[in-house]
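Peer 1: My questions all concern the structure below.
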Amino acid sequence: MKKIILSCVALVATFFCAATATAQGVKIYKQGGEVIDIPASELDRIEAYDAQSAKTPFDGTWKMKQLITDRTYMEETWGAMGITYGEAYPEFTADDELTFKDGKIIPNLKSNLKNFFIGEATFEIVDPAYELHTGMFGATATLSLLKVKGVNRNFDANSKSEDDEAYIGVRLVEDEDADEPGIYYLEVFLVDFVPTAFATEMPDYMYDTQKPVSTMSGMYIQFSMDKK
């Protein structure tokens with residue numbers, strides 16, 4: 001996959017962006033979902049580089065801040081259908097860490113998230129502005145969608161999926177409670193797993209036939225992490 005650098009370096013340095021190029025010009029995807037169109041006639045040049053060798057904006061080590069879709073949330077969402085979540089569902093563990101570095105995800109996990117992130121994995125950005133449905137009435141979140149190789153899609157300590165390639169979504173969110181502006185935390189959305197160890201009553205038809213499967217509100221696992 002390729003990203004684009006514009007010759008107007010000051011513009012790119014102003015905000016996190018990814019971009020795609022067409023014969024008509026360049027589309028820049030700003031953090032938060034805004035898209036800027038720059039026609040080819042206004043560009044001096046376009047330089048392409050390999051995204052795998054480049055620093056991504058969420059590179060670094062992140063420590064668990066909040067498990068947003070905790071067990072209570074999930075059971076309130078699906079309890080009316082008789083679906084329960086047992087001990088295999090991840091619980092909040094403050095010591096959980098994920099490191100993103102050089103196209104790799106390196107886990108240091110104490111919770112049951114280790115049943116998904118089972119070891120060092122590799123990733124590539126496949127969509128810098130993926131729209132995830134997060135609620136009713138068309139509510140969405142704009143994420144960077146990563147294709148990750150080296151995970152357990154079964155999300156199960158006792159069985160490992162033959163298919164070890166899954167999708168996750170990430171986004172940087174400005175921390176409004178920080179003492180100064182420009183401090184961001186990371187939100188992670190696990191959108192591509194089949195819970196063989198929890199939510200076992202969930203009928204198969206609730207899952208898409210195409211990846212990612214858990215794109216409906218109340219199905220994905222969402223958590224936030226502070227930069228360590």
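The values are calculated or read from the model by the stated rules, or taken from the named source; none is laboratory data. This one's a predicted model, so the numbers in the text were calculated from it and none came from an experiment. Cβ sites come from the backbone with ideal geometry, for glycine too, and all protein chains shown count toward neighbours. Side chains are part of the model used for accessible areas, which takes the heavy atoms of the whole protein and leaves out ligands, DNA and RNA. Shrake-Rupley method; radii C 1.70, N 1.55, O 1.52, S 1.80 Å.
Peer 1: Among the hydroxyl-bearing types (Ser, Thr, Tyr), modelled with pLDDT under 85 and either part of a strand (DSSP E or B) or open to solvent by 40 Å² or more (accessible area, probe 1.4 Å) (or both): does that describe THR99?
Peer 2: Values: among the hydroxyl-bearing types (Ser, Thr, Tyr): yes; modelled with pLDDT under 85: no; either part of a strand (DSSP E or B) or open to solvent by 40 Å² or more (accessible area, probe 1.4 Å) (or both): yes.
When the stated conditions are applied, THR99 does not pass them.
Peer 1: Tally the residues that are among the β-branched types (Val, Ile, Thr), part of a loop (DSSP other than H, G, I, E, B) and open to solvent by 30 Å² or more (accessible area, probe 1.4 Å), restricting the search to the stretch 72-90.
Peer 2: Step one: list which residues in the stretch 72-90 are among the β-branched types (Val, Ile, Thr), which gives 72, 77, 83-84.
Restricting the remaining residues to those that are part of a loop (DSSP other than H, G, I, E, B) gives 83-84.
Right, trim to open to solvent by 30 Å² or more (accessible area, probe 1.4 Å) and you get 84.
Number satisfying all stated conditions: 1.
Peer 1: Would you point out which residue out of THR61, THR69 is of a type in the set (Val, Ile, Thr) and open to solvent by 30 Å² or more (accessible area, probe 1.4 Å)? Talk me through it step by step, then tell me what you get.
Peer 2: Working: THR69 fails: open to solvent by 30 Å² or more (accessible area, probe 1.4 Å).
Residue meeting the stated conditions: THR61.
Peer 1: Can you name every residue in the stretch 102-143 that is in a loop (DSSP other than H, G, I, E, B), modelled with pLDDT under 95 and either of a type in the set (Gly, Ala, Ser) or more than 15 Å from ILE168 (Cα to Cα) (or both)?
Peer 2: We begin by selecting, within the stretch 102-143, every residue in a loop (DSSP other than H, G, I, E, B); these are 102-103, 109-111, 116-120, 134-139.
Then drop every residue that is not modelled with pLDDT under 95, which leaves 102-103, 134-139.
If the condition is that a residue be in a loop (DSSP other than H, G, I, E, B), modelled with pLDDT under 95 and either of a type in the set (Gly, Ala, Ser) or more than 15 Å from ILE168 (Cα to Cα) (or both), then ASP102, GLY103, GLY135, MET136, PHE137, GLY138, ALA139 are the ones that fit.
Peer 1: Considering only residues that are assigned to a loop (DSSP other than H, G, I, E, B) and open to solvent by 20 Å² or more (accessible area, probe 1.4 Å), look in the stretch 196-207 and name the one that is nearest to GLY79 (Cα to Cα).
Peer 2: So in the stretch 196-207, the residues assigned to a loop (DSSP other than H, G, I, E, B) come out as 196-203, 207.
With the extra rule that they be open to solvent by 20 Å² or more (accessible area, probe 1.4 Å), the set shrinks to 196-197, 200-201, 203, 207.
On the way: THR196: 18, ALA197: 17, THR200: 13, GLU201: 10, PRO203: 13, TYR207: 17 Å.
Among those residues, the one meeting the criterion is GLU201.
Peer 1: Going by the structure shown, is LEU143 in contact with a Leu (Cβ under 8 Å, 6 or more places away or on another chain) and crowded, with 21+ Cβ neighbours inside 10 Å?
Peer 2: Details: in contact with a Leu (Cβ under 8 Å, 6 or more places away or on another chain): yes; crowded, with 21+ Cβ neighbours inside 10 Å: yes.
Judged against the criteria, LEU143 is a match.
Peer 1: Quickly run through the stretch 162-195 and pick out the residues that are under 23 Å from PHE123 (Cβ atoms), open to solvent by 20 Å² or more (accessible area, probe 1.4 Å) and part of a loop (DSSP other than H, G, I, E, B). Write out each step before concluding.
Peer 2: Narrowing the stretch 162-195 to residues under 23 Å from PHE123 (Cβ atoms): 162-173, 184-195.
With the extra rule that they be open to solvent by 20 Å² or more (accessible area, probe 1.4 Å), the set shrinks to 162-165, 167, 171-173, 184-185, 194.
Selection gives GLU162, ASP163, ASP164, VAL194.
Peer 1: Could you identify the single residue in VAL191, VAL213 that is touching a Gly at 6+ places or on another chain (Cβ under 7 Å), of a type outside the set (Ser, Thr, Tyr) and within 24 Å of PRO107 (Cβ to Cβ)?
Peer 2: Exactly one residue qualifies, and that residue is VAL191.
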